[in-house]
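A short worksheet on the structure shown next.
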Amino acid sequence: MYNSKVIEIFNNPKNVGELKGANGIGTVGNEACGDIMKLYLKIDDKGIIQDASFKTFGCAAAIVSSSVATEMIKGKSIEEALKLENQQIIDYLGGLPDNKIHCSILAKEAITEAIKDYKNKMAKKAKKALNELKNLKAIKNAKSSKINKDKKA
Ligand code: FES
């Protein structure tokens, strides 16, 4: 059913487990088979994926696709990672059985979700920083208007 490359990677998958300090996490599942894939990304402030790992509760094809996908996106920008197609994973593996193609799609979806999570977190961070800046300006303005009032009095 699986070719020797798939079996080899299944026996020695890379990047397995939770990634400490991950700032983008994506969880996806396949309703039909019940498999779940969780992908962790550590993205630097230039948008480059410094590290990636996964936890997959699923079939051999899902585990192998996760391993290959995490290897393929390390060192890439988030824009490049979003362009990764499941066909590239399949080609790298030298093919997957037809009924296992959806397992490689799960890896692509997990990457998309993890990057979405990262972007949401960055947007929240930026909003918080903006609010803090507005508060600082409001405090500064209040202080200077009090000084002006005191001078007039
Ligand atoms: S059979 Fe469900 S992900 Fe492979």
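Values in this text are rule-based calculations from the coordinates and carry no lab data. Computed from a predicted model, the values in this text were never measured in an experiment. In this analysis, Cβ positions are derived from the backbone assuming ideal geometry, glycine residues included, and neighbour counts consider all displayed protein chains.
List of remarks:
- Within region 60-84, the set of residues being surrounded by fewer than 19 Cβ atoms within 10 Å (Cβ to Cβ) and touching a Lys or Arg at 6+ places or on another chain (Cβ under 7 Å) comprises E71, L84.
- Residue match in region 71-85 (condition: closer than 20 Å to S4 by Cα, in contact (Cβ under 8 Å) with a residue 40 or more places away in the chain and under 14 Å from the mean Cα position of the chain (by Cα)): yes
- Looking only at region 2-15, and only at residues there that are within 16 Å of the ligand (Cβ to nearest atom) and surrounded by 14 or more Cβ atoms within 10 Å (Cβ to Cβ), the one that is farthest from K74 (Cα to Cα): Y2
Yes or no, residue by residue, for (1) surrounded by fewer than 17 Cβ atoms within 10 Å (Cβ to Cβ); (2) within 21 Å of K119 (Cβ to Cβ); (3) more than 16 Å from the ligand (Cβ to nearest atom):
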residue	(1), (2), (3)
K38	no, yes, no
L41	no, yes, yes
K46	yes, yes, yes
A52	no, yes, yes
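- Screening E18 on (1) within 16 Å of the ligand (Cβ to nearest atom); (2) acidic (D, E); (3) within 15 Å of the chain's Cα centre (by Cα) shows it passes everything except condition (1).
- Of all residues in region 25-36, those satisfying the criterion of being within 16 Å of the ligand (Cβ to nearest atom) and buried (at least 16 other Cβ atoms within 10 Å of the Cβ) are G26, V28, G29, N30, D35, I36.
- Pairs, first free of Cβ contacts under 8 Å to residues at least 24 places away in the same chain in region 91-109, second basic (K, R) and within 12 Å of the ligand (Cβ to nearest atom), C-beta under 9 Å, six or more apart: none
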